[in-house]
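The values are calculated or read from the model by the stated rules, or taken from the named source; none is laboratory data. Because the structure is a prediction, the values reported are computed rather than measured. With ideal geometry, Cβ positions are generated from the backbone for all residues, glycine too; neighbour counts draw on all protein chains shown. These accessible areas exclude ligands, DNA and RNA; they are computed on the full protein's heavy atoms, side chains included. Shrake-Rupley method; radii C 1.70, N 1.55, O 1.52, S 1.80 Å.
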Amino acid sequence: MVGIGFRERAKGAAMSGEATTTTAAATAAAVGADADARSKAAHLPALQPVHDTGAAPPTGGIGLCLSGGGYRAMLFHLGALWRLNELGLLRGLTRVSSVSGGSIVGATLGARWGRLAWSPENVATNFADVVAEDIHALAARTLDVAAVASGGLLPGVTIGERIAHAYADDLFGDATLQDLPDPAAGAPLFVICATNLESGALFRFARPYLADHRVGMVHAPTVRLSDAVAASSAFPPVLSPFEIDLRGAAWETVDGNDLTDDRWRERVTLSDGGVYDNLGLETVWKDCATVLISDGGGHLADDPDPPHDWPRQTLRVLT
């Protein structure tokens, strides 16, 4: 597997698409350096968080992971997508997995994939107009402040629902997961990741399915795209939880599902995908031979004397 990571370098990198890359050779060297340590611990397999499942490694496919990180991540990923398009690589993606702020731009790209005009060099010549323009417009205003204020005051309307309405008004309209492009027709599979607070597992939204490996799978779901993105970006504690009403959905039970009665399947309580996996790696790394990671998440600043009281610790971690 080849891994290439885009990491935030400066405030301007989001728009310019500047990126640092981790080469395949460096990745291989890191894996080799760690091999001895892993082999010494092989006699304790139950304690290893990552282990060989015995499945054959993927032989093809290019997956792109768009991390969480709010508006910062949204704009950073827009720059990464813009650069991939300029290089003629965007059209060759086979899977796009997104989390939180990454899901805003990932779902926008997916919903408008069919409107992109491709040149012979596989460059979308109208990317700026079709994708970037509305993302820029959304970044000019803050959704969560208004949602917190109005959602907390209006009876029967949650903050998450207000965020979903704003996404619908600004980006997605009445589009559902079925308006994402069809992977069977050669388009990328777009996967929007949230966290299931009931099962503690990843909850994934896509055109072919929505699924939780403990709860089951629903084929060809018609969940609104704005609701899926709102669930993926329901940052706790203020914007979380986001409840999806799946009463009447035709769930399929497959091997490994252990939470299959109506308590787990009718109303599903979700939170930000970053609670489970802020890079969105799980839906990609086992299925794609090449994994691209656009990491626009925040990183703690250096502090030789971090605060010890609860409020300031929480503020440092959240900001």
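Looking only at the range 228-250, which residues are assigned to a strand (DSSP E or B) and either surrounded by fewer than 19 Cβ atoms within 10 Å (Cβ to Cβ) or of a type in the set (D, E, K, R) (or both)? Break it down stepwise before answering.
Just the residues of the range 228-250 that are assigned to a strand (DSSP E or B), to begin with: 242-245.
E243, D245 - these are the residues of the range 228-250 that are assigned to a strand (DSSP E or B) and either surrounded by fewer than 19 Cβ atoms within 10 Å (Cβ to Cβ) or of a type in the set (D, E, K, R) (or both).
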For T94: the one exception among (1) under 16 Å from the mean Cα position of the chain (by Cα); (2) crowded, with 21+ Cβ neighbours inside 10 Å:
(2)
Taking the options R214, R207, name whichever one is at pLDDT 95 or above, touching a Leu at 6+ places or on another chain (Cβ under 6 Å), charged (D, E, K, R) and within 28 Å of F76 (Cβ to Cβ).
R207
Count of the range 169-182 residues which are more than 25 Å from R91 (Cα to Cα) and either under 18 Å from the mean Cα position of the chain (by Cα) or aromatic (F, W, Y) (or both):
0
Looking only at the range 295-317, decide whether some residue is among the β-branched types (V, I, T) and farther than 30 Å from L89 by Cα.
yes
Only one of (1) more than 20 Å from G274 (Cα to Cα); (2) in contact with a Ser or Thr (Cβ under 9 Å, 6 or more places away or on another chain); (3) of a type in the set (F, W, Y) is not met by F190, so which one is it?
(1)
S271: closer than 16 Å to S100 by Cα, modelled with pLDDT of 95 or more, under 19 Å from the mean Cα position of the chain (by Cα) and of a type outside the set (V, I, T), yes or no?
yes
Among the residues of the range 108-128, is any out of contact with any Ser or Thr (no Cβ under 7 Å at 6 or more places or on another chain) and on the phi > 0 side of the Ramachandran plot?
yes
Can you say whether T108 is among the hydroxyl-bearing types (S, T, Y) and closer than 19 Å to L281 by Cβ, as far as the supplied structure shows?
no
Positions within the range 185-216 being over 22 Å from V105 (Cα atoms), in a loop (DSSP other than H, G, I, E, B) and not basic (K, R), in sequence order:
L197, E198, S199, G200, A201, H213, V215
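Say whether the condition of being among the hydroxyl-bearing types (S, T, Y), modelled with pLDDT under 95 and in a loop (DSSP other than H, G, I, E, B) is met by at least one residue in the range 217-227. Let's see the steps before the verdict.
Here is the first cut: in the range 217-227, the residues among the hydroxyl-bearing types (S, T, Y) are 222, 226.
Filter once more, keeping what is modelled with pLDDT under 95: none.
No: zero hits.
Taking the stated definitions as given, is T253 in contact (Cβ under 8 Å) with a residue 24 or more places away in the chain and open to solvent by 20 Å² or more (accessible area, probe 1.4 Å)? So that I can check it myself, show each step before the final result.
Values: in contact (Cβ under 8 Å) with a residue 24 or more places away in the chain: yes; open to solvent by 20 Å² or more (accessible area, probe 1.4 Å): yes.
Yes.
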Whether any residue in the range 175-196 is free of Cβ contacts under 8 Å to residues at least 24 places away in the same chain, farther than 19 Å from V96 by Cβ and in contact with an Asp or Glu (Cβ under 9 Å, 6 or more places away or on another chain) is what I want to check.
no
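Every residue, every condition in (1) assigned to a helix (DSSP H, G or I); (2) more than 28 Å from Y71 (Cα to Cα); (3) open to solvent by less than 20 Å² (accessible area, probe 1.4 Å), yes or no:
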position: D258; (1), (2), (3): no, yes, no
position: W264; (1), (2), (3): yes, yes, no
position: T269; (1), (2), (3): no, no, no
position: Y276; (1), (2), (3): yes, no, no
position: D287; (1), (2), (3): no, yes, no
position: L292; (1), (2), (3): no, no, yes
position: G298; (1), (2), (3): no, no, no
position: D303; (1), (2), (3): no, no, no
